[in-house]
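Report on the following structure.
Rule-based calculations on the coordinates, nothing more; no lab input. Keep in mind the model is a prediction, meaning the values are calculated, not measured. Glycine also receives a Cβ, built like all others from the backbone with ideal geometry; neighbour counts cover every protein chain displayed.
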Amino acid sequence: MMLKSSSSKCSSVNRASTCRSMPVVSASALPRSAEPVIARRQALLGAAALLAGSALTGQPGLALAAQTNNVGSYLPPAGISDFVLFVPTKAKTPALRAGTVDSANPYKFALPPQMVEQKVANIASGNYCQPRCDEPWTEVIFEGNTGGRVELIVAPLQKLTPRKNIKVEDLGTPEQLLQRVGNYITGTYLDEDALVTATSKKLDDGLTYYYYELNAPYAKVGGHSFTACTVKGDLAYLFVTSANEKQWGKLESSLKETVDSFRA
């Protein structure tokens, strides 16, 4: 490495004084191995500056980027509060592509505009077993930037009964059916004391829906949940909205509104 000598000299008047001019390192003389290190440092400094600037404006960079993925930025209004309407396209999921779920008249629901769609893993989506899955699969998942989760689980009716061409009422009362689908809702198991409410209602699409509110702290995702359950064709639909203990007080009403909007 070459050093450029300083043009200034120490004063001969005061030999005890220290020279102020220091050798200057030429940038062109740096070894090539040092260049990537400098580039990385510059990148890190730039990122730090961006985050600092974002913090000053009250719009963190990561949160700002996430806003572009919010369903409110691309889905149409649902006509319910400020919610937006989600209706899957024909090629949206493996079940829709395979014709297992009726693509001409698919499920739909409204959800808060702050929700962000999540990727469903292949093994959970039924991609490997459509159109003849023996186990339940997950169609779609949405999560809120400040908490809350929306998930649609679909189960082949043969998982619940050998009978065909039946309605949800034929599977028993809401409480009786919950004994068979409760573990799908919690992702683990279901204690009897987890049930808060269980009701049923026939809606404008001609189907009867069973509605559940659960408080199951041991659930894999969100100990508090609302669920709508119905049967259409040879499929059972479980539409689950959930949140953890800290989020529940703030999100309860919007999650209830979301689950009430579901139509199979």
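Quick look at the values:
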{"item": "Entries in 90/246; 201/250; 159/246; 108/159; 90/159 that, when Cα-Cα distance is taken, lie over 31 Å", "result": "90/246; 159/246"}
{"item": "The range 75-260 - Rg and Dmax from Cα coordinates, angstrom", "result": "15.6, 42"}
{"item": "Label point distance in nm, residue 196-residue 119, each placed 7 Å from Cα along Cα→Cβ", "result": "3.3"}
{"item": "Other-chain or far-sequence residues with amide H under 5 Å of residue 118's (modelled H)", "result": "141, 142, 143"}
{"item": "Förster radius 22 Å - calculated FRET efficiency between residue 218 and residue 252, Cβ distance, rounded to 0.05", "result": "0.70"}
{"item": "Computed label-point distance, nm, for sites residue 132 and residue 91 using a 7 Å Cα→Cβ extension", "result": "2.7"}
{"item": "Residue exposure sequence - 242, 73 - by fewest surrounding Cβ within 10 Å", "result": "73, 242"}
{"item": "Whole-angstrom gap from the range 197-264 to the range 91-140, using each part's C-alpha centre", "result": "17"}
